[in-house]
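Scroll down for the structure; my scribbles are underneath it.
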Amino acid sequence: MITLNGAEDDSYYTIILSNPDDMIPIAPIIHHMIVNVKGSDFKNGFTDDSAPSDADTLIAYYRPSPPIPFIKFTYSYLVYK
């Protein structure tokens, strides 16, 4: 479930799930991007399957699958207003 405490009801947000590790030659890798998420929907929470109807999925969820076994990678959720 994706939620953001303190989201402003009438504002719109963009959510990005990325892998910013620079050891990957094609970094950063964007695993998911949803735009136009209304703050009120963000406060109530949603999943990718129940994303708000006015939100747009620019990049469908792509499951992280580390290319190099046994090395820890960083995954970051970024939220922009």
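Read-outs: derived from the displayed coordinates by stated rules, not from any lab. These figures come from a predicted structure and were not determined experimentally. Reconstructed Cβ throughout: ideal geometry from the backbone, glycine too, with neighbour counts over all protein chains shown.
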Q: Using θ = phi - 60° and the Karplus relation 6.51 cos²θ - 1.76 cosθ + 1.60, list the HN-Hα couplings for the range 10-23 in order, rounded to whole Hz, with x at every Gly or Pro.
A: 9, 8, 10, 10, 10, 10, 10, 9, 9, 10, x, 4, 7, 6
Q.
For the chain, take every pair of Cα atoms, bin their distances at 5 Å starting from 0, and report each bin as a whole percent.
A. 3, 15, 25, 21, 14, 11, 8, 3, 0
Q: Subtract the Cα-Cα distance of Asn44 and Glu8 from 0.36 nm times their separation in residues, and report this length gain in nm to one decimal.
A: 11.8 nm
Q: Show the residues, 5+ positions off or on another chain, whose built amide H is closer than 5 Å to the amide H of Ile59.
A: Met33
Q: Compute the FRET efficiency between Lys72 and Met1 as 1/(1 + (r/R0)^6), taking r as their Cβ-Cβ distance and R0 = 35 Å, and round to the nearest 0.05.
A: 0.90
Q. Sequence-distant or interchain residues sharing an amide H contact under 5 Å with Leu4, placed H: which?
A. Lys43, Gly45
Q: Using only Cα atoms, locate the centre of the range 4-33 and the centre of the range 46-80, then give the distance between them in Å, rounded to an integer.
A: 8 Å
Q. Going through the range 1-73, which trypsin sites (Lys or Arg not before Pro) have at most 11 other Cβ atoms within 10 Å and a DSSP loop state?
A. Lys72
